[in-house]
Every structure is written in C-alpha cells, then in structure tokens.
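Please read the structure below before turning to the comments.
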Amino acid sequence: MANSDRVVLALGGAGTVGSGIVKALLDKGFKVAVISRDSSRLDKLRSFVSPSTKDNLTAIVGDVGSEAGAEQAKQALLKAVGKVTDVVSSLGFSWWQGGPPHTQSLKDLHWVIETLLFSTFVSWKTFFPLVRDRSDGSYTFITGGAGEKVLMPGTGFLTVGAASTLAFCQVLREEYPEVPCKLNQVKIDAGVAAPERMAPGYLNHLDLGEGVAALVERGNSSHSVFTITSAADLKNLLLQKNL
Ligand SMILES: NC(=O)c1ccc[n+]([C@@H]2O[C@H](COP(=O)([O-])OP(=O)(O)OC[C@H]3O[C@@H](n4cnc5c(N)ncnc54)[C@H](OP(=O)(O)O)[C@@H]3O)[C@@H](O)[C@H]2O)c1
C-alpha cells in the first residue's frame, strides 16, 4: 500500500517524542492523526510540521486515559479520517523526579501509572481492533529504558511507571504471537529532546522520528524490541540492521 493510502494514528503525537515522529511520517507522505487533550499543543504541532504536509495532519482533541474518552476520540477519529492503518503510541511524560518513595503520596504514584500505563492500555484496547487484522498495518509502542533502572535519585516512580509499560508490551507480544498486523516496540535508553533543548547524550526527536517512520514504512518485522541508546542505533533503525 502506498504511504499516501496509509493513515497513522499517533497517540502522544503532540509531545516531544511524538512530534518528531509525526513530522517524519508526514514527510514520507503518510496521513497522520493526532489526539491530544490540549488544543494549544495541537496548534503548536500544526505549525511545527512541514508546511506542505499540513493538509495530511488531522488533529483531534480527546483524552485516551479513560474508556469513555478513548471511545469518543475513536468515533471522532473515524469520522475525520475514515480508517486507521497504523498506530504509534508514545503516551506518557518526558520526565519525573518527584523524590524518593517515602516522600511521595499514593496520588503521585497513581498519576504516574495513569499517565504511563493506563492510557497505553486503554488506547491499545480501543484502537488495536482497527489495525489488528491488517497484514499491511502496524502498532508500535515507544517506551523508555527508565523501566529497567533508576536513572538517578528521586526518579523511582518514573522507573515504576516505565517498567509497567515495558511489562505490558511484553504481555502483548506473548499473548498475541500471531496477529496479522506488525506489533513492535522501540525502547529508548536515552533522553530525547528538540534540537534547541539538546543535552549531552540526548537524541534529537527529529532523528528519532525518522527512524520510527522508517520502521512503520517498512512493516517487515513484528514482535521485535528495537533498543535505541545512541544516534548510531537510530541509523541502524533507519537501515534495518539488527539491534
Ligand atoms: N522524552 C524523553 O527523554 C524520553 C526518553 C525515553 C523514552 N521516552 C518515551 O516517550 C514517551 C513520551 O515522552 P515525551 O517526552 O514525548 O512526553 P510528552 O512530551 O509529555 O508527550 C507525551 C504525550 O502523551 C500524551 N498523553 C498522555 N496521557 C494522555 C491521555 N490520557 N490522552 C491523550 N494524550 C495523552 C500527552 O498529550 P497531551 O498533549 O494531551 O498532554 C503528550 O502529548 C515517554 O512516556 C517514554 O515512554 C521519552
């Protein structure tokens, strides 16, 4: 199927990671739909993508953190774009450093899990049926390496939340070993930022976007975890080398 016939739903597409992916997908000729709770973030995204691709971007205000909200967003999405062929999910937040666990409340932990796990689960349950039976379709999760180690003091709940998303992706790979659509995970073991906010060791969200867009475009691997720790890994993702 030509890229111009494919419609990618980018969950979290207005965020730091997601916006790089959305821009790269649009530059490759895909149609892209983004759901965000915040219309001003969607406006910012519209002015961020390449001007010539703006007409291929559909922006929907919605909250995929609850079953009712996700269902409502799905109806609005299907009304606007008709079909979805691929999903890229980069839901969550950029960073959390609220302090060591004994200083935190249950409410803090709830927010972390809600943002990283509940939204990922609820949106998967709502949108996976749209792509599941398409052998030319895909569902790609963007996750973080913070789930495997405490990155620095005070980031413990980030580890708990990121680990829950890693576990969820593992469960999907094992529970659905033979779905027609490609089910992949890109695990980023580095910070990601826009060019003007780069710090040492960080990945440029535009480069990450190009790597993820290339993976979606190729559509030839499934049930894989692509671990990205450096710009060199991103080049490999672009060129389809084993990681
Ligand atoms: N940034 C990094 O350094 C980094 C590094 C490694 C891995 N990652 C991975 O990338 C993910 C995203 O990071 P990011 O830096 O892009 O975070 P971000 O800029 O905060 O973007 C996250 C996006 O998720 C969306 N979202 C969260 N809950 C939602 C809900 N209930 N309904 C609709 N949208 C919802 C937010 O939408 P709204 O527009 O509605 O707020 C936001 O656009 C992380 O969770 C992590 O797995 C990031």
Exercise. Report, ordered by the first and then the second residue, all pairs with beta carbons closer than 6 Å, sequence separation of six or more or different chains, a first member in the stretch 43-55 that is closer than 16 Å to Gly29 by Cα, and a second member that is in a helix (DSSP H, G or I) and acidic (Asp, Glu).
Key: Ser50/Asp27
Quiz item: Do we find that Ser123 is surrounded by 14 or more Cβ atoms within 10 Å (Cβ to Cβ), within 15 Å of the ligand (Cβ to nearest atom), hydroxyl-bearing (Ser, Thr, Tyr) and over 19 Å from Gly147 (Cα atoms) in this structure?
Solution: yes
Quiz item: Inside the stretch 98-120, can you point out the residues that are under 23 Å from the mean Cα position of the chain (by Cα) and more than 12 Å from the ligand (Cβ to nearest atom)?
Solution: Asp108, Leu109, His110
Quiz prompt | Residue satisfying condition, being of a type outside the set (A, V, I, L, M) and without any contact (Cβ under 8 Å) to a residue 24 or more places away in the chain, within set Lys74, Lys31, Lys79 | solution = Lys79
Self-check item: Selected residue (criterion: farthest from Glu210 (Cα to Cα)) from residues of the stretch 168-195 that are within 13 Å of the ligand (Cβ to nearest atom) and outside any strand (DSSP E or B)
Solution: Phe168
Self-check item: Gly92 in contact with a Phe, Trp or Tyr (Cβ under 8 Å, 6 or more places away or on another chain), assigned to a loop (DSSP other than H, G, I, E, B), at pLDDT 95 or above and under 12 Å from Leu11 (Cα atoms)
Solution: no
Practice problem: Evaluate the stretch 208-227: report whether one residue or more is among the small types (Gly, Ala, Ser), surrounded by fewer than 21 Cβ atoms within 10 Å (Cβ to Cβ) and farther than 20 Å from Asn3 by Cβ. | Solution: yes
Practice problem: For the stretch 135-147, state whether one or more residues are out of contact with any helix residue (DSSP H, G or I) (no Cβ under 7 Å at 6 or more places or on another chain) and among the β-branched types (Val, Ile, Thr). | Solution: no
Quiz item: If only one of Ser89, Ser94 is closer than 22 Å to Arg132 by Cβ, of a type outside the set (Val, Ile, Thr) and within 11 Å of the ligand (Cβ to nearest atom), which one is it?
Solution: Ser89
Quiz item: Which one of Leu57, Leu42, Leu78 is over 25 Å from Asp189 (Cα atoms), near the ligand (Cβ under 10 Å from one of its atoms) and out of contact with any Asp or Glu (no Cβ under 7 Å at 6 or more places or on another chain)?
Solution: Leu42
Quiz prompt | Top-ranked residue in the stretch 126-146 [being of a type in the set (Phe, Trp, Tyr) and more than 10 Å from the ligand (Cβ to nearest atom); ranked as surrounded by the fewest Cβ atoms within 10 Å (Cβ to Cβ)] | solution = Phe128
Self-check item: Tabulated pairs, the stretch 87-103, first without any contact (Cβ under 8 Å) to a residue 40 or more places away in the chain, second away from the ligand (no atom under 12 Å from the Cβ) and assigned to a loop (DSSP other than H, G, I, E, B), C-beta under 9 angstrom, 6+ apart or interchain
Solution: Thr103/Gly154
Self-check item: Selection count, the stretch 16-39, where residues are within 15 Å of the ligand (Cβ to nearest atom), touching a Ser or Thr at 6+ places or on another chain (Cβ under 6 Å) and farther than 16 Å from Val131 by Cα
Solution: 3
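The values are calculated or read from the model by the stated rules, or taken from the named source; none is laboratory data. All values derive from a computational prediction rather than experimental measurement. Every residue, glycine as well, gets a Cβ built from its backbone with ideal geometry; the counts of neighbours run over all protein chains shown.
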